[in-house]
Every structure is written in C-alpha cells, then in structure tokens.
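Participant: To start, I am sharing the structure in question, which I have written as structure tokens.
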Amino acid sequence: MGKKMAEEKLTPRNENYSEWYNQVVLKADLADYAPVRGCMVVKPYGWAIWENMQKELDRRFKETGHVNAAFPMLIPKSFFEKEKEHVEGFAPELAVVTVGGGQVLDEPLVIRPTSETVIGYMYSKWIKSYRDLPVLINQWANVVRWEMRTRLFLRTLEFYWQEGHTAHSSAEEAQEETIRMLNVYADFAINEAAVPVIRGVKSETEKFAGAVNTYSIEAMMGDTKALQAGTSHNLGQNFAKAFDIKYLDQNNTQQYCWTTSWGLSTRFIGAIIMTHGDDNGLILPPRLAPYQIVIVPIYKNDAERSSVMEAVEKVQKQLIQFRVKLDDRTEVTPGFKFNEWELRGVPLRLEIGPKDVEKGSVMAARRDIPGKAGKSILLQENLAPQVQAMLDTIQASMLQRATDFRDANIHNANTYDELKEIIQNGWAESWWCGSADCEAKIKEETKATTRCMPFDQPKTEKGKCVYCGAEAVKKIYFSKAY
Ligand SMILES: [Zn+2]
C-alpha cells in the first residue's frame, strides 16, 4: 500500500456511509475492481479473511456430517427450464455461453448462478435406495449472477461461496437439516465474526426461487440497514420432482427425495466491515483477522534499535500460536504504522520501545477502543496468556457492542406511520397479515423490505397487520437492506 493512501482520512460514516465503505475496502487492501464491470478482485488481505471464514465454516460442516465435492461451472441451459419458480427467479441473471472452441454450441451453457440443477441431475443418478440417503455434500465454488448494481463484496457479478446440497428420505429430516445449517451459520456469525444475527423465515416473496421455505440470518449494519448474511432452504420435493431424484424405500416403493440447499458467501465480508468498522477504518474480530497482533518496534537510534529488536524477537517467539505481523519497516514512522494497521483493522497492537526494554514491558493498544482508553501495559514475561485474554476480551466486547447497537435500533411499529418513521434509521418489528400485497405496497412506498419472521415470536398474543389492519399472527422485521 502506498504511503499517501494511509495518510488521507476516510470519509466519516455519518457523512457518507457508502463512500466510507468503498474507501475502507480499497484502502485496507481487501479488494479491487476488475476490468469487467461488476467483477471484483479479492486481494491477499481480503482473501485471508475468507480463508479464516472457510476454515471455521468447513470445520462446522464436517462436524455435522458433511463432505466436500466439486461440480462443474457450466450447466446445460435446459436444466434451468425444469423447475418453474427457479427458472423465473434466475433467468434475468444468467450468463450464457453460446460459442465454444470457435463453434456455435448446439445447446447454450449457463455459467452456474447456483448449483441445485446440476447437483440434482447428478443425485438422480447416484441415489437408488433408502440406503444411499442422506446425501450430505458441500462445495466451495464461485458463481456468476448478472447483477445490474454492484458493490465490492456486497453484490458482484461473480462471487465466492459455499453451497451445501443434501437429499433425505423424509420431509422431517430435510426440515431438521435446513434448521441445523441455519444454526451452524448463526453460530459462526456470532462466535467467530462477532456479528449478532437474527434467525428467521423469509416471506414467500423473499424466499429462494424454487424453495418451499427459506430461512436466513439477518444482520444490522452500522447504518442500521439489514444484510441477509446466510440462507438455508428447504426445497421440499420441488427439485427432486424436476430432476427425478428418487429412491426405493424399505417397502420397495419409489419415492421422491426431500432436498435442501444452503449458502454463505464473500458478501459476509461486507457484513464484518459494516458491523464493526469505525471512522478510522476496519475493525476485525480476532478470531477471523489475518493478523491478530501487529508488533511495532519504536527506537530513535542504532543503539536503541538493537536492544529493542532483541526484545521484539523474544516477544515474537512467545506468540507463535497467534497470527502476528512484525512491522519492522524503516522507511515509515511508528505513527504512520499505527494509522495503517488501525485502518486495516488489526485487533491488537503491541509497541516495544527503549522504556519497555528497561521495564520488561509491552504497550498494548486495542483497535476496538481508540486512544488512551484502549491502551494498557503488559509484562514481557509470560506474555501469551495475557495476549490471549486480551483477544478474547476484544472478541467479546465487539459482539456486545454490535448487539447493543442492533437492539437499540429495532423498534416496535404499531402503525404504518410509525413504521415509516422507524425505518429511516432502524428496523421496524411489526405484525404482518402474511399478504404479499401489503408487503409489496410497503416496499414500493418506503423502500423497506421484509427481512424475516424471527423464530422468537409472541406465544399467544395476536395483532393487526401494520399495513391493512387485518388480523395477524406473525411478527416480521421491515427495514432497508443491502
Ligand atoms: Zn396486511
């Protein structure tokens, strides 16, 4: 990164949130624009976050019995005509290959926007009997959706994700799987990314094209807009019927399978940026940060340098279990380094100067608490447990702060006027009659969409739809969203 970039101040969030976001992504060196409109290059620092996310997600997938495989990127176009809702949902976003090897293809090929179709086709070949079930496969892949309005990480033509695809011998088992994986996402979001998410079910309008039910985790960003951070779909027998995924049950009768799919993408990096970032830049949760600790040596002359670097080396040796960056550049000042690593969101900075050498100490500065309040003195002796405790504290207080912020910005809206007011700066929790008409009118008039009907619902209480006044049994969140 160039010296000049780090010295320029970011646009403050309350001045222009969207500009702040773009600057953070570019200046923290997470990603860049590609030559094709809407495509993104994920740079090494951004990719390192994704790798840490992958590791934590993949571990959870395997702990719940899943295995990884890889399916092709090119899918016959006719596959997208088999499931009616799926084709309507995805047709406008498909990228289609019509020429290959200089020849016009007999059948055009779609670059996968998601893989239910090709995986369904393969499952119909692989699954014969109830003994073959359940099939629990995940793939890490890139997909292409021809989006019109794009933002780095949040919405790009091509993005990276994982997509899980499972097949089961009963409706109950498919439903259990759908919820299990939603819970895996929620656990990952809360405990690894410190992003407090709300689990719930999407409305008919907002569900995945071809699903019976879509469940999501919804997160509140720093500007109070919502971001759908992961989804899990119960596909019922819709894809099984479209792709003929059948099995012989114990009574030797042919049955259609019940299938699910679930995905979480590089979009989630946008959620981390916008949940935690401040006017100085990125704040990364210690559990996912590429560097958990940056060490900055401080000295004025060669004599100081040699004793400081000696201490730095000893400190470094104690911290091998952490992801540590030693910034020993000589061409920039310590102050410049502080700003740069703050911008790039490293959770903990350790400064070591001549006084620390004398006293056997280290100055620690927390990224999540700017200025003096975030500084404390640690002892060089037995440093690792002190650092671990501090990273744990940072992780926990980032989650707490984000949770407090979210809860302070969700309000009950009992009337439509209240809803309109609340969604200017927060989420409205309202009774909703379930009608797609009410949902569409609210969206048209206020730009707020339904996010999810949270699992946590009033037990017996009923209410009146915030739009039409009809009797309602479910509460739902309305908000502006990414
Ligand atoms: Zn209504």
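Participant: Under 6 Å between Cβ atoms, at least 6 apart or on separate chains: pull out the pairs that start in the stretch 457-482 with a residue that is more than 19 Å from ILE410 (Cα to Cα) and among the hydrophobic types (A, V, I, L, M, F, W, C) and end on any residue that is part of a strand (DSSP E or B) and within 13 Å of the ligand (Cβ to nearest atom).
Facilitator: ALA472/TRP431; ALA472/TRP432; ALA472/GLY463
Participant: What number of residues within the stretch 450-482 satisfy the criterion of being within 15 Å of the ligand (Cβ to nearest atom) and over 12 Å from TYR416 (Cα atoms)?
Facilitator: Selection size over the stretch 450-482: 11.
Participant: If you take the residues in the stretch 417-433 that are touching a residue at least 40 places away in the same chain (Cβ under 8 Å) and in contact with a Ser or Thr (Cβ under 8 Å, 6 or more places away or on another chain), which one is nearest to the ligand (Cβ to nearest atom)?
Facilitator: Filtering the stretch 417-433 for residues that are touching a residue at least 40 places away in the same chain (Cβ under 8 Å) and in contact with a Ser or Thr (Cβ under 8 Å, 6 or more places away or on another chain), the one nearest to the ligand (Cβ to nearest atom) comes out as TRP432.
Participant: While we're here: Taking strands (runs of 3 or more DSSP E) that fall entirely within the stretch 174-277, which contain at least 1 residues that are assigned by the TED database to the domain that holds GLY89 and closer than 19 Å to VAL25 by Cβ?
Facilitator: Fully inside the stretch 174-277 and qualifying: 213-220, 226-234, 258-265.
A quick yes/no check of all residues on (1) open to solvent by 40 Å² or more (accessible area, probe 1.4 Å); (2) under 14 Å from LYS202 (Cα atoms); (3) under 28 Å from the mean Cα position of the chain (by Cα); (4) not assigned by the TED database to the domain that holds VAL201:
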{"site": "ALA436", "(1), (2), (3), (4)": "yes, yes, yes, yes"}
{"site": "THR449", "(1), (2), (3), (4)": "no, yes, yes, yes"}
{"site": "GLU461", "(1), (2), (3), (4)": "yes, no, no, yes"}
{"site": "VAL466", "(1), (2), (3), (4)": "no, no, no, yes"}
{"site": "ALA472", "(1), (2), (3), (4)": "no, no, no, yes"}
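Participant: Considering only residues that are within 30 Å of ALA48 (Cβ to Cβ) and surrounded by fewer than 19 Cβ atoms within 10 Å (Cβ to Cβ), which ones fall in the stretch 223-270?
Facilitator: The answer is ASP223, and nothing else.
Participant: Let me ask something else about it. Give all pairs with beta carbons closer than 8 Å in which a residue from the stretch 137-160 that is closer than 9 Å to MET40 by Cα and of a type in the set (Asp, Glu) meets a residue that is open to solvent by 10 Å² or more (accessible area, probe 1.4 Å) and at pLDDT 95 or above; count only pairs at least 6 apart in sequence or on separate chains.
Facilitator: Pairs found: GLU158/CYS39; GLU158/MET40; GLU158/ASN142; GLU158/VAL144.
The values are calculated or read from the model by the stated rules, or taken from the named source; none is laboratory data. Because the structure is a prediction, the values reported are computed rather than measured. Positions of Cβ are generated from backbone atoms using ideal geometry, with glycine treated the same way; all protein chains shown enter the neighbour counts. Heads up: the accessible areas ignore ligands, DNA and RNA and are worked out on the full protein's heavy atoms, side chains in. Shrake-Rupley method; radii C 1.70, N 1.55, O 1.52, S 1.80 Å.
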